[in-house]
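Structure record follows, encoded as structure tokens.
The values are calculated or read from the model by the stated rules, or taken from the named source; none is laboratory data. Bear in mind that the values here come from a model prediction, so they are computed numbers and not experimental data. Every residue, glycine as well, gets a Cβ built from its backbone with ideal geometry; the counts of neighbours run over all protein chains shown. Just the protein is used for accessible areas: all its heavy atoms, side chains included, with ligands, DNA and RNA removed. Shrake-Rupley method; radii C 1.70, N 1.55, O 1.52, S 1.80 Å.
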Amino acid sequence: MFPKKGASEEEVLEELKIKTSEDLTFDSGRILGSMCTYPHPLAVKIIEKYIDRNLGDPGLHVGSRKIEEEAVGMLANLLSLNRGYGHIVSGGTEGNILAVRAFRNVSNVERPELILPESAHFSFLKAGEMLGVKLVWAKLKEDYTVNVRDVENKITDNTIGIIGIAGTTGLGAVDDIPALSDLALEYDIPLHVDAAFGGFVIPFAKELGYNIPDFDFRLKGVKSITIDPHKMGMVPIPAGGIIFREKRFVDAISVPAPYLAGGRVCQATITGTRPGANALAVWAMIKHLGFEGYKEIVRNAMELSRWFASELKRIPGVKLVREPVLNIVSFSTENLEDIEEELKARGWGISAHRGYIRIVMMPHVRRAHLEEFLMDLREIIRKV
Ligand SMILES: Cc1ncc(COP(=O)(O)O)c(C=O)c1O
């Protein structure tokens, strides 16, 4: 019920404390199946300080708009592009929807179709439905990357775009983006890479010597990339990123916003009023951590994943779905649903889907948490 009279700050805070005590928190070490993490303290400070900035009205917050542009520029550089065009958005979902919207709008097709891997994130279901774009699913190979030949077979005159994934949600698999890029160039179809998760992992992992295919703008067929700072970028939610190679894609999704206090502008994002503080936090974290800082975060996450995968292999009845590529390890067992239920009952923040449980080595995940998880898993498997 909407209260007639207000409560004191203390009362409100106390009630919130009680109500949120049901939440799992990242510092508990129990959340092993999320792509989010506790944000960096500097980013938290920035959110508080600049909480009022609205990038939906950039004429008012001119400084913040320039900082967003710089953040987009730095993300583009990380993805091997000198100058990129795009925005800091609400997350991977918005990034993917904007890419599909741009591809649809630059095409001249009446019944648009999008080819995407069976492993694609469900945000594309939203994109397809909202934008009236038919989704054409391409099969996966045994290693769970997209079958490029199947993608080619599915190209028609109605194809407005191809999706490749650099870090699938379930397994962290990286599609053969170089082959998809060649295909895209051959058929003159734009390729969007969903690197919502992998974007803040792969550039650093490659530098550390991990063998991962190229996935970014150095491949000429790649026209846009989703990269999320609120995943491995240590920035508070909401902070996604969409980067386009060419300005025409942003122009194709821009609408005039005539009545704003700061003057007339065009908006390309789905959200109108949107948090400037989060864009500033993206900028600040990149400046503060730099390539070397992120590399160390990724080094730990990747090493932990390899260790965890080797421990899982030693448990009878547990099967790795595939060798980890990024910092995601997924495994299957017999009676998976019973095991999932029991793990959840013991307070673990994990979920099973597509026949496996996935563990994401986010920065809040420590070896001690995983050791405890492994102990529980061994015990439950023996019992079930
Ligand atoms: C590959 C991929 N793309 C897109 C998304 C959607 O991101 P968000 O939840 O930030 O909208 C996710 C989220 O897990 C993802 O893994």
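Suppose we keep only residues that are open to solvent by 10 Å² or more (accessible area, probe 1.4 Å) and more than 13 Å from the ligand (Cβ to nearest atom) within the stretch 213-237. Which one would you say is nearest to I115 (Cα to Cα)? Don't jump to the end; show me each part of the working.
Start the filter on the stretch 213-237 by keeping residues that are open to solvent by 10 Å² or more (accessible area, probe 1.4 Å), which leaves 213-214, 218-220, 223, 230-231, 234, 236-237.
Still in the list and also more than 13 Å from the ligand (Cβ to nearest atom): 213-214, 218-220, 223, 234.
On the way: P213: 21, D214: 20, R218: 22, L219: 19, K220: 18, K223: 15, M234: 31 Å.
The qualifying residue nearest to I115 (Cα to Cα) is K223.
Just to confirm my filter: which strands (runs of 3 or more DSSP E) fall fully inside the stretch 223-335 and include at least 2 residues that are farther than 27 Å from I51 by Cβ?
Here the list reads 318-320, 328-333.
Hey, any hits in the stretch 357-364 for a residue that's open to solvent by less than 10 Å² (accessible area, probe 1.4 Å), closer than 19 Å to D27 by Cα and not β-branched (V, I, T)?
yes
Of the conditions (1) without any contact (Cβ under 8 Å) to a residue 24 or more places away in the chain; (2) farther than 15 Å from L32 by Cβ; (3) outside the structural domain of G95 (by TED's automatic domain parsing), G317 satisfies every one except a single condition; which number is it?
It is condition (1) that G317 fails.
Please go through (1) of a type in the set (V, I, T); (2) farther than 21 Å from G233 by Cα; (3) open to solvent by 10 Å² or more (accessible area, probe 1.4 Å) for V325 and return the number of the only condition it doesn't satisfy.
(2)
Considering the stretch 158-196 alone, what residues qualify as being of a type in the set (F, W, Y) and farther than 26 Å from G132 by Cα?
Residues satisfying the conditions do not exist here.
Return yes or no: is I165 under 28 Å from V109 (Cα atoms), outside any helix (DSSP H, G or I) and touching a Ser or Thr at 6+ places or on another chain (Cβ under 8 Å)? First the steps, then the outcome.
Working: under 28 Å from V109 (Cα atoms): yes; outside any helix (DSSP H, G or I): yes; touching a Ser or Thr at 6+ places or on another chain (Cβ under 8 Å): yes.
Answer is yes for this residue.
Report, ordered by the first and then the second residue, all pairs with beta carbons closer than 6 Å, sequence separation of six or more or different chains, a first member in the stretch 159-183 that is in contact (Cβ under 8 Å) with a residue 24 or more places away in the chain and away from the ligand (no atom under 11 Å from the Cβ), and a second member that is among the basic types (K, R) and not in a loop (DSSP other than H, G, I, E, B).
Hits for this filter: I160/R104.
For the stretch 238-280, how many residues are within 16 Å of the ligand (Cβ to nearest atom) and in contact with a Phe, Trp or Tyr (Cβ under 8 Å, 6 or more places away or on another chain)?
So the count comes out to 1.
Just to be sure I understand the filter: pairs with C-beta atoms under 9 Å, separated by 6 or more residues or on different chains, first member in the stretch 125-150 and not assigned by TED's automatic domain parsing to the domain that holds E186, second member open to solvent by 100 Å² or more (accessible area, probe 1.4 Å). Which pairs pass?
none
Checking L180 against (1) aliphatic (A, V, I, L, M); (2) farther than 14 Å from P117 by Cα; (3) crowded, with 24+ Cβ neighbours inside 10 Å, which test does it fail?
Condition (2) is where L180 drops out.
Select from the stretch 133-146 the residues that are open to solvent by 50 Å² or more (accessible area, probe 1.4 Å) and away from the ligand (no atom under 16 Å from the Cβ) and list them in ascending order.
K134, K139, K141, E142, D143
Only one of (1) out of contact with any strand residue (DSSP E or B) (no Cβ under 7 Å at 6 or more places or on another chain); (2) assigned by TED's automatic domain parsing to the domain that holds P229 is not met by G29, so which one is it?
It fails just one condition, (2).
Taking into account only those residues within the stretch 240-273 that are closer than 18 Å to N77 by Cβ and out of contact with any Ser or Thr (no Cβ under 8 Å at 6 or more places or on another chain), which is most open to solvent (accessible area, probe 1.4 Å)?
Among them, the one singled out is K247.
Being more than 21 Å from A252 (Cβ to Cβ) and of a type in the set (G, A, S) is true for just one of S80, S123. Which residue is that?
Only one candidate qualifies: S80.
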